[in-house]
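Colleague: Quick one: structure below, then a few questions.
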């Protein structure tokens, strides 16, 4: 089953969010070339008013990673190994 | 005492006549002179023009010469991707790509963009340096290590800690040399900007950061310059370890509560800077939001060892009028934005006799829920909380853009927006309650009134 990943970032982030956003993007670019089950979308938020339109976004801290509609991180660098495990699990079990 | 002296005294944790104001103009400088970020960060003239424009518009007491945490990384072989409205981003990490630490060299005046950056800094210091404090910003050692190594750094901190300590030691050398270059260019303050420490625990901080950054602050002090340790992101748990590294000052963003940081920094005799909200207030807010945020910060920060500043590098598109509004608070000219003094004369507002009203009355004081995000969330919380209680509760939004609302706000004793008053009592100031919490508060008053 395919796994849908949404990486939500602010268009004008602070220095920390900016660097973390770059690292997250880099990580998913690499994962995408190794894991063909994932569909990645990068959402750039221009305005905080648009938050409600993002499915699964609960904690408003960025970058936020949402996997199959569930938010996994908020403003932190994720553990790549955990992300891989989660993608594998979602791919095998999720009915999303 | 001129602006520069004001900043220097505040950084030394001394009492001053008013809190100094240091807007962190980095990529925003590009917007001020109508160029994109790439054109800005690669041009001496543009950087000088941008900082000069910020000086003219915002009446600051201090300014950074440049806010770009990628200069050192680029000079050591990291690839950068430039963008029109953000600082450049690091897109490759030499130590991840097969290059060994021993092959990296400490960048000097002739490497990467350093010739441009140092020339711009020298020019800025020579034109503005007698009036305001000029900050030289260097990339902190942990953030630099992350640029060089990529996210593998987090695994190696656990698996191969000695490798990371060796890397941190190298980064310390880079930081020390970069600080030297900026000090020789004439800056007054070295700001060590290390946002990535928000990603590690205090234990990791003390093992992998403190031993390498403390000597850096000592080096700056030996050179008779002042230091500030900048962090952004939620670094709450590392504020105390940061102070223990003995910088003259720390600077935080809105992810850390200013009163908490004030208490900790005061304990260590370290001054504090921050933390006007970058996104909600400066970028998306109105001048009134900025006035209120600045006032709150000034109230908490006080006039001893406190510098009013944004939480971090101001976004490219920050509206000029918002930054000017903050400057107006600093210089005591707020009435310019809220209407001249006396303009409320003759406006009568009669508050309800809350106790004897047949309903519980919620007054929601906002800037305008249609344009201010926190106000919108607060109004939405109220709408959800009163659902099903319409026969017992009445609520109304009062926007302070209207003079009648300002009079009502004054009569209720409300000083911050957004605020919720329940039956005339101030209940939630700036903090948006959960629907459950707010409903519980309303039900308590309903029961008390016997409705």
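The values are calculated or read from the model by the stated rules, or taken from the named source; none is laboratory data. Computed from a predicted structure; not experimentally measured. Every residue, glycine as well, gets a Cβ built from its backbone with ideal geometry; the counts of neighbours run over all protein chains shown.
Colleague: Where residues in the stretch B:263-277 are surrounded by 24 or more Cβ atoms within 10 Å (Cβ to Cβ) and touching a residue at least 40 places away in the same chain (Cβ under 8 Å), which of them is nearest to residue B:317 (Cα to Cα)?
Modeller: Result: B:276.
Colleague: Return the total of residues in the stretch B:81-107 being surrounded by 16 or more Cβ atoms within 10 Å (Cβ to Cβ) and under 19 Å from residue B:175 (Cβ atoms).
Modeller: 8
Colleague: Here is a follow-up. So which helices (runs of 4 or more DSSP H) are wholly in the stretch B:120-191 and hold at least 2 residues that are surrounded by fewer than 23 Cβ atoms within 10 Å (Cβ to Cβ) and at pLDDT 95 or above?
Modeller: Because the criterion is at least 2 residues that are surrounded by fewer than 23 Cβ atoms within 10 Å (Cβ to Cβ) and at pLDDT 95 or above, the helices (runs of 4 or more DSSP H) in the stretch B:120-191 that meet it are B:161-185.
Colleague: When the stretch A:35-54 is examined, which residues are found to be surrounded by 12 or more Cβ atoms within 10 Å (Cβ to Cβ) and away from chain B (no Cβ under 14 Å)?
Modeller: Scanning the stretch A:35-54 gives A:35, A:37, A:38, A:40, A:43, A:54.
Colleague: Would you call residue B:352 modelled with pLDDT of 90 or more and surrounded by 18 or more Cβ atoms within 10 Å (Cβ to Cβ)?
Modeller: When the stated conditions are applied, residue B:352 does not pass them.
Colleague: Listed residues B:421, B:375; which is crowded, with 21+ Cβ neighbours inside 10 Å, touching a strand residue (DSSP E or B) at 6+ places or on another chain (Cβ under 7 Å) and in a helix (DSSP H, G or I)?
Modeller: B:375
Colleague: Do we find that residue B:23 is assigned to a loop (DSSP other than H, G, I, E, B), buried (at least 18 other Cβ atoms within 10 Å of the Cβ), touching a residue at least 12 places away in the same chain (Cβ under 8 Å) and in contact with a helix residue (DSSP H, G or I) (Cβ under 8 Å, 6 or more places away or on another chain) in this structure?
Modeller: Yes: the conditions hold for residue B:23.
Matching residues to (1) part of a helix (DSSP H, G or I); (2) outside the structural domain of residue B:327 (by TED's automatic domain parsing); (3) modelled with pLDDT of 95 or more:
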{"position": "B:218", "(1), (2), (3)": "yes, no, yes"}
{"position": "B:229", "(1), (2), (3)": "no, no, yes"}
{"position": "B:254", "(1), (2), (3)": "no, no, no"}
{"position": "B:282", "(1), (2), (3)": "yes, no, no"}
{"position": "B:291", "(1), (2), (3)": "yes, no, no"}
{"position": "B:296", "(1), (2), (3)": "yes, no, no"}
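Colleague: Looking only at the stretch A:67-79, which residues are surrounded by fewer than 18 Cβ atoms within 10 Å (Cβ to Cβ) and in contact (Cβ under 8 Å) with a residue 24 or more places away in the chain?
Modeller: Listed by number, the list holds a single entry, A:69.
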